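Inspection log for the structure reproduced underneath, given as structure tokens.
The values are calculated or read from the model by the stated rules, or taken from the named source; none is laboratory data. In this text, all values refer to a predicted model and were calculated from it rather than measured experimentally. Note that each Cβ is placed from the backbone with ideal geometry, even for glycine, and that neighbours are counted across all protein chains shown.
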Amino acid sequence: MTTLMRRLAFGISLVLAAALNTGAALADEARDRAIATIDGDKILADITELSSDAYEGRMPATVGEKKTLAYLTSRLRELGIAPAPGGYLQQVPLIQKRIKSSTKLSVSGADGARPLLLGDNVLIKCLSTKKHVSIPKSELVFVGFGVKADEVGWDDFAGTDVKGKTVVMLMCDPRGAADSLYFRGRALSRHGYSQQKIEDAARLGARGVIIVHDQQAIGYPWSAIAARAVRPFFERVRDKQSPPAPDFSMVMDHTAAEELFKRAGKDLTALETEASNKGFVAQPLELSLSGEVDMDVAQKPSSNVVGFIQGSERPDEYVLFSAHWDHVGIGAPVAGDSIYNGAVDNATGSAALLALARAFSALPSPPQRSIVFLWTTAEEQGLLGAYHYADHPVFPLAKTMADINMDALFPYGPYNGMTVVGLGSSELEDYMSEAAAQYGRKLIDDPNPEYGAFFRSDHYPFARKGVPAIFAIGGPLDTPPPDPALSARFDDYLKNKYHRPSDEVQPDWDMRGVTDDVKIYFLTGYAIAQDAKQPNWYTSSEFRPICDTLRASAYH
């Protein structure tokens, strides 16, 4: 190469480097301008509106839903966020049921028949949509923890025919010393998740499922759910995408279960220990269940809200942000207040999602991947809106790179931590860790993973389909110990405000932590949208092979 050519090549390299640096600087500047739109006062204004009494607690299929959907869609239009191909609203077919107090249930044995009382002893749900359902005599079989995990060779149903029978099972994962060898140690696994157990039993032909409530395993007492026995509840209208389900499922109070096992000549405590070890063999109880169930039944469709920004370079790949818009509506009065406003749960997440839509719309050009904003319905009824989207996705799940979920953000001031439910699950954490560090935070794990929060928010229906998903909330690190006053505020919310009329906007809220939460969500999603890499679950995750299969369906 001549000297002249070398000089020309060197000059061209300098020009290219300068252009690249300038391009990166401009991209960073645009990103920073977008982040600057994430404003605590604006977020608070949206929270205040959505959690006001005018929205009547945002129960699906009510006036509160109509007002909520109108508010969210109008805000999206103002921001210039496009509707999904089918429009802003994705209809979610729901059915509302209420078990009537005239329902009669009993368990029969050699000592005769004894009643099971709604609320006192059991809660029940029936698959049927008829107003009267007969449960003919059904043999009871104890199947331990009801776990069927073929990948680790654990099968509590092995060698037992449960077709047409009612299986009785313990709550959560096996709790023996060997548990950590097979499942996730302290953290609840998907095999211990009640819905998974019910589906597995139905696949094997069980007519009914009874799950024994265990406060130590699940974290809340029987009294916390007893009142639900005769309250209205929602279910999805079943279709060809629906998982298998038994004719009925029940949750039984632990004290009532002890009495039931005693009638069968068995000791429940001893069986709990025995069932915690691999190789447990299911046992017939020589008892049978029968009953007559009366229900109120009504079709009550609801809607998810979906908006999106089309990507500039990979428009057919998606980064999805989710939050549920619903709460629990109007209920029993507490201190004269019957509106369950749901300010923290989840007007905060809904407002955060609006803030993200504002930030992404402020970018001078769209991110490389498309951005989807999803507000789900009926999360409080069992993640129904999220399950419906996952079964009937507006945008293909195989090309959905991530779900970043927001549920109950805490406006109690600045934080130094970001609690990731199920930390150590997916590569999304790598992006979030870098984003959190920019705001002086570290990622920390759920302090009580045994209670299964991973399965109780809207990211889970995506995770079970294979989509990498993350659910993270700002909070304090354990070291150094948090301010006792801050810890007291968290405790007060959980004990006195969660799912109560007092979950309202408070005059002393400090939005700094929530604002940084939203900035971290933005940076996480933006980085994923700009990165050519397709994030996945970590190789140790049970969801990794599901994701690999999902992606293979679209890319190979």
Scanning the stretch 174-191 for residues that are out of contact with any Pro (no Cβ under 8 Å at 6 or more places or on another chain) and assigned to a loop (DSSP other than H, G, I, E, B), the one modelled with the highest pLDDT turns out to be PRO174
Unique residue being within 30 Å of ASP173 (Cα to Cα), of a type outside the set (A, V, I, L, M, F, W, C) and either within 27 Å of the chain's Cα centre (by Cα) or assigned by TED's automatic domain parsing to the domain that holds CYS172 (or both) when the list is LYS66, LYS97, LYS130: LYS97
In the stretch 495-543, anything in contact (Cβ under 8 Å) with a residue 24 or more places away in the chain, in a helix (DSSP H, G or I) and charged (D, E, K, R) is listed as LYS497, ARG512, ASP516, ASP517, LYS519
Being touching a helix residue (DSSP H, G or I) at 6+ places or on another chain (Cβ under 8 Å) and either at pLDDT below 95 or farther than 30 Å from TYR318 by Cβ (or both), is that true of even one residue in the stretch 527-541? no
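Yes or no, residue by residue, for (1) more than 29 Å from the chain's Cα centre (by Cα); (2) of a type outside the set (Asp, Glu); (3) over 23 Å from ASP200 (Cβ atoms):
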site	(1), (2), (3)
HIS213	no, yes, no
TYR220	no, yes, yes
ALA227	no, yes, yes
GLY279	yes, yes, no
Does SER350 satisfy the criteria of being surrounded by 22 or more Cβ atoms within 10 Å (Cβ to Cβ) and either outside the structural domain of ARG551 (by TED's automatic domain parsing) or touching a residue at least 24 places away in the same chain (Cβ under 8 Å) (or both)? yes
Those residues that are surrounded by fewer than 20 Cβ atoms within 10 Å (Cβ to Cβ) and modelled with pLDDT of 95 or more, I need them from the stretch 139-151; list them, please. GLU139
On the given criteria, is GLU429 at pLDDT 95 or above, buried (at least 17 other Cβ atoms within 10 Å of the Cβ) and assigned to a helix (DSSP H, G or I)? yes
Of the criteria (1) surrounded by fewer than 19 Cβ atoms within 10 Å (Cβ to Cβ); (2) under 20 Å from ASP531 (Cβ atoms); (3) polar (S, T, N, Q); (4) touching a Pro at 6+ places or on another chain (Cβ under 8 Å), which one ASN416 fails: (2)
Within the stretch 524-541, can you find the residues that are under 22 Å from the mean Cα position of the chain (by Cα) and buried (at least 18 other Cβ atoms within 10 Å of the Cβ)? THR524, GLY525, ILE528, PRO535, ASN536, TRP537, SER541
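Residues checked against (1) surrounded by 22 or more Cβ atoms within 10 Å (Cβ to Cβ); (2) not in a helix (DSSP H, G or I):
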position	(1), (2)
ARG58	yes, yes
THR68	yes, no
SER74	no, no
GLN91	no, yes
Would the stretch 134-148 turn up any residue that is among the polar types (S, T, N, Q) and part of a loop (DSSP other than H, G, I, E, B)? no
Inside the stretch 93-114, can you point out the residues that are touching an Asp or Glu at 6+ places or on another chain (Cβ under 9 Å) and outside any strand (DSSP E or B)? PRO93, LYS100, SER101, SER102, THR103, ALA110
Take the stretch 365-382 and flag every residue that is touching a helix residue (DSSP H, G or I) at 6+ places or on another chain (Cβ under 6 Å) and outside any strand (DSSP E or B). PRO367, GLN368, THR377, ALA378
Does GLY422 satisfy the condition of being modelled with pLDDT under 95 and buried (at least 23 other Cβ atoms within 10 Å of the Cβ)? yes
Step by step: first the residues of the stretch 115-130, then only those that are outside any loop (DSSP other than H, G, I, E, B) and touching a residue at least 24 places away in the same chain (Cβ under 8 Å), then the one that is nearest to SER101 (Cα to Cα). Which residue is that? LEU118
Can you tell which of ALA201, ALA226 is hydrophobic (A, V, I, L, M, F, W, C) and more than 13 Å from MET252 (Cα to Cα)? ALA201
Mind telling me which of the residues SER312, SER338 ends up being assigned to a loop (DSSP other than H, G, I, E, B) and touching a residue at least 24 places away in the same chain (Cβ under 8 Å)? SER312
Qualifying residue in the stretch 241-259 (condition: surrounded by 22 or more Cβ atoms within 10 Å (Cβ to Cβ), within 22 Å of the chain's Cα centre (by Cα), of a type in the set (A, V, I, L, M, F, W, C) and assigned to a loop (DSSP other than H, G, I, E, B)): no
Is there a residue being of a type outside the set (Phe, Trp, Tyr), buried (at least 19 other Cβ atoms within 10 Å of the Cβ), within 22 Å of LEU44 (Cβ to Cβ) and modelled with pLDDT of 95 or more anywhere in the stretch 451-469? no
Checking ILE35 against (1) β-branched (Val, Ile, Thr); (2) over 30 Å from GLN299 (Cα atoms); (3) assigned by TED's automatic domain parsing to the domain that holds PHE410, which test does it fail? (3)
May I ask you to verify whether GLN96 is closer than 16 Å to SER303 by Cβ, surrounded by 21 or more Cβ atoms within 10 Å (Cβ to Cβ) and not hydrophobic (A, V, I, L, M, F, W, C)? no
